[in-house]
Every structure is written in structure tokens, then in C-alpha cells.
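Asker: Have a look at this one before I ask anything.
The values are calculated or read from the model by the stated rules, or taken from the named source; none is laboratory data. In this text, all values refer to a predicted model and were calculated from it rather than measured experimentally. Here Cβ is always computed from backbone atoms with ideal geometry, including for glycine, and neighbour counts include all displayed protein chains.
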Amino acid sequence: MLLIDRYLLFQFLKSFLIFFISFTGLFIVIDSFNNLDEFLKYGDQTGSTFGVLWDYYSPRVFTFFGMTSGILTLISAMFTVTWIQRHNEMTALMAAGISQARIVRPIVIAVIVIAVLGVLNRELLIPHYMDRLTRNAQDWLGESRKTLQQQFDNRTDVLINGAATFAKEQRIESPVFRLPREFDGVGKEVMGATADYMPPTADRPGGFLVSGVTKPETTAGVASVELPDGPLLLMPDDHPWMEQGQCFLVTDLTFEQLTASSQWRDYASTYALISTLSNRSLDVGADVRVEIHSRIVQPFLDITLLFLGLPIVLRKENRNIFIAIGYCLLLVVCFYAVTLACKAMGANYWIIRSPVVAAFMPLIVFVPIATAMSSPLRD
């Protein structure tokens, strides 16, 4: 039986790799031709167009794997089972007294392994390449001028605004920081030529170093501003690592959280998302909570999808590969329509008002169906 296990496992992995490489290659070819002018321009600037393409698309392979692994494992499993049925290998094995559940066991184990790899990919690899993934082909080098959408720091009640941002330098051009109230020597607004984001260190908190300060009119002799729960504005007289004409706005918002918004949520690790729940500077909505719970549920959804699809192709009358793939596509459309609808309702507090229920609802709906459909496998 180990020989049959290796044979089925080889067929499954071969199908999975063929589908994954084909779809990934198709995505890269179409996307690269749509942005060919930009890549050629960046190639002239960096000296290697191939290097630009590699740096741009290599991390996107990980995101593509994360988006398609569940669907591709189902397609590969159905393709493998239909293939051995078509060549009467399934009939021969069952005639030898081997149950269907035992026959497909290596495929189920392989799907579970791929689901685990999907979790590791999402939690370790994708967050590592967040900086590349949040840049598009039109601003790959991070030098383009982008409009900044004003945002409140909910901890300090500071309204952060500016003319534009530059991703490469993590800089705000012409920043305008509106303070919660007027402070002696500072007023109610801080303005300057640029504001560069500086992450927190052991010696100081994180925030934006404002250079070319125009408001207040002078920083000399102006004391730092303190709030009850910590510093708000650091001035050079109290912190000599700054020069006159500079000041430092303290905030727990990172540059990515300020500028990337939903993209940051999509590419951050689950641990980072959970950490935002305790970040008082962020206005964390239900969509983030739904995303956190959805990531916990996702591996179980991938396995549930498999047990919805396998019974369809294990029926004796199903031996046509293309019909099996048609059933598979119909199943996937229904499955993901329900999943996306539940997430949308949970994120918008519509019908489903609990993020936990919104994330787990697809399991509540499909696990009983998968259990009933896969009952022949347990006989």
C-alpha cells in the first residue's frame, strides 16, 4: 500500500505544482506586459530590468500562493482522484478490499501539510516583504509623490495631515499636525517643510522628526509638551539630539499604518494585527477583528473545502476530468461567495454583528454539509 500512497502523492503534488506554476506564470506575464514601460524605466535607473522584475514579482509569488492554495489543493485532489478512476485504478484497489478513505488518505495528509505551509507563508514570509508588496508598479522605487489622507492619532487626539508622502524615505512633505489644544510657546498646530518617520528606540519613542519648522515661529526656548500618559512634542532645548528648527511629534502610528491602510492589514502578520488592538493610536474597526479570526479559521476552511469536493468525484459515475473540474469550480464559487459575504457582513455590522461569528459562520454552514457528503468515506 505504501507504493500506492507514493504514487497518489506524486500525482497530487505534480498536479498542484503544474496548476500553481501555470496560474502564477500567467499572472506574471499579463501583469508585466501591462506595466512593461514602468519596468523598463526602473531597469534603466537601476541597471537591470531582470533584477527589477525579480524583486517585484518574487514576493508576490508568496501572496499568490496564499490566495490560491486552498483552491488549487481542491483542484489537484479532484484531478488526481478522477485520473485514477478514469484508468480503473480505483476499481482495482477497491476490489482488493481497500476502502476509499484509505485510498485518498495520502491526498488528505498532503492537503493538511499545504494548509500548514499556507499559515507559515502568511505569518512569516509575506510580512517580511511588506515594504515591496505595498508598492505598485507605478511607484516601485517609492519616489512618487502620493497624497496623504489625514488621520487621527486616537491616543493623543492629533490630526496628522500633509501635502504628500514619499514611501522610500518614509517622509511627509509639508506636514500639518493639529494638536488637541493650544500649548504655551507652540500653539495649536505644528507645521514644517518635511516630517521623517523614526521608529522607536531605547532612548526615545517613535514618531515624526519635523524639519524646517514654520509653526511655531521658533523652537528656541520652547519647552517640550507632555500629556498625562506620555510625551507629545519633543523640542531641541530639552533633547539636544535635535537641531534648532526641528521638533519631534510622538505617535504610536507607523508610517505604513498611516499611508498603506488596508494594504498594511492584508500583509501584516496575525500577531501584528492582534497588537494593533492594544494600540490606542489606531481606530481599529470590525474589519480588522474579522480578519484576525478569519486567519485562524482559514486552514480549517481549506480542509473543509476538500471534503466538500472529494465526495463529488468519488461517485462511480464521475470519471470525466472536465466534468469534475466543472463541479469543482461551481463548488468553489459557492464556497467563497458565502465566505466573503460573511466577512463583509461582519466588517460592516450588518446582520452579523460579531466578528467571531462572521469568521466562523462558513465553518458552521459547510462542516455539517461536508460531514454528510463524506459519510461514504467513513463506511
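Asker: When only residues in region 347-359 that are in a helix (DSSP H, G or I) and surrounded by 20 or more Cβ atoms within 10 Å (Cβ to Cβ) count, which is modelled with the lowest pLDDT?
Answerer: Taking region 347-359 as the starting set, the residues that turn out to be in a helix (DSSP H, G or I) are 347, 355-359.
Applying the additional criterion that residues be surrounded by 20 or more Cβ atoms within 10 Å (Cβ to Cβ) yields 355, 358-359.
On the way: Pro355: 88, Ala358: 91, Ala359: 91.
Step by step, filter region 347-359, then rank; the result is Pro355.
Asker: Would you kindly identify the helices (runs of 4 or more DSSP H) lying entirely within region 10-127 that contain at least 2 residues that are within 19 Å of Ile325 (Cα to Cα) and of a type outside the set (Lys, Arg)?
Answerer: 49-86, 100-120
Asker: Going by what's in this entry, would Ile28 be described as over 27 Å from the mean Cα position of the chain (by Cα) and of a type in the set (Val, Ile, Thr)?
Answerer: Spelling it out, it is not the case that Ile28 is over 27 Å from the mean Cα position of the chain (by Cα) and of a type in the set (Val, Ile, Thr).
Residues checked against (1) without any contact (Cβ under 8 Å) to a residue 60 or more places away in the chain; (2) within 23 Å of Ile114 (Cβ to Cβ):
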position: Leu8; (1), (2): no, yes
position: Leu17; (1), (2): yes, yes
position: Phe20; (1), (2): yes, yes
position: Lys41; (1), (2): yes, no
position: Trp83; (1), (2): no, yes
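Asker: Kindly indicate the residue of region 183-230 that is touching a Leu at 6+ places or on another chain (Cβ under 7 Å) and part of a loop (DSSP other than H, G, I, E, B) and also farthest from Thr251 (Cα to Cα) among those meeting that condition.
Answerer: My answer is Val186.
Asker: Still on this structure, I have one more. Does Asp237 qualify as being of a type outside the set (A, V, I, L, M), within 30 Å of Val284 (Cβ to Cβ) and assigned to a loop (DSSP other than H, G, I, E, B)?
Answerer: Considered against the rule, which asks whether it is of a type outside the set (A, V, I, L, M), within 30 Å of Val284 (Cβ to Cβ) and assigned to a loop (DSSP other than H, G, I, E, B), Asp237 comes out as no.
Asker: Please name all residue pairs, on different chains or six or more residues apart, with Cβ atoms under 7 Å, provided the first residue is in region 331-358 and is on the phi > 0 side of the Ramachandran plot and without any contact (Cβ under 8 Å) to a residue 12 or more places away in the chain and the second residue is exposed (fewer than 15 other Cβ atoms within 10 Å of the Cβ) and of a type in the set (Phe, Trp, Tyr).
Answerer: Every condition considered, no pair remains.
Asker: Write out, first by first residue and then by second, each pair whose Cβ atoms fall under 6 Å of each other, whose residues are 6+ apart or on separate chains, and whose first residue, in region 281-303, is in contact (Cβ under 8 Å) with a residue 40 or more places away in the chain and over 14 Å from Thr339 (Cα atoms) while the second is charged (D, E, K, R) and buried (at least 19 other Cβ atoms within 10 Å of the Cβ).
Answerer: Ser281/Asp153; Ser281/Asp252
A quick yes/no check of all residues on (1) in contact (Cβ under 8 Å) with a residue 24 or more places away in the chain; (2) surrounded by 20 or more Cβ atoms within 10 Å (Cβ to Cβ); (3) assigned to a strand (DSSP E or B):
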{"residue": "Met242", "(1), (2), (3)": "yes, no, no"}
{"residue": "Phe248", "(1), (2), (3)": "yes, yes, yes"}
{"residue": "Leu253", "(1), (2), (3)": "yes, yes, no"}
{"residue": "Gln257", "(1), (2), (3)": "yes, no, no"}
{"residue": "Gln263", "(1), (2), (3)": "yes, no, no"}
{"residue": "Ala272", "(1), (2), (3)": "yes, no, no"}
{"residue": "Ser275", "(1), (2), (3)": "no, no, no"}
{"residue": "Asn279", "(1), (2), (3)": "yes, no, no"}
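Asker: Given the options Ala77, Ala96, name the one that is more than 30 Å from Asn34 (Cα to Cα), without any contact (Cβ under 8 Å) to a residue 60 or more places away in the chain and of a type outside the set (S, T, N, Q).
Answerer: Ala96
Asker: Any idea how many residues of region 12-25 are within 24 Å of the chain's Cα centre (by Cα) and either among the basic types (Lys, Arg) or not assigned by TED's automatic domain parsing to the domain that holds Phe79 (or both)?
Answerer: So the answer is 0.
Asker: Within region 305-328, take every residue that is within 29 Å of the chain's Cα centre (by Cα) and at pLDDT 80 or above and give me the one that is nearest to Glu89 (Cα to Cα).
Answerer: This residue is Leu310.
Asker: Here's a follow-up. Restricted to region 118-152, and to residues that are loosely packed, with under 15 Cβ neighbours inside 10 Å and of a type in the set (A, V, I, L, M), which residue is modelled with the lowest pLDDT?
Answerer: Result: Leu141.
Asker: Here's something else I'd like to know. I'd like the residue in region 146-170 that is without any contact (Cβ under 8 Å) to a residue 60 or more places away in the chain and assigned to a loop (DSSP other than H, G, I, E, B) and, out of all such residues, is nearest to the chain's Cα centre (by Cα).
Answerer: Going through the qualifying residues, I end up with Lys168.
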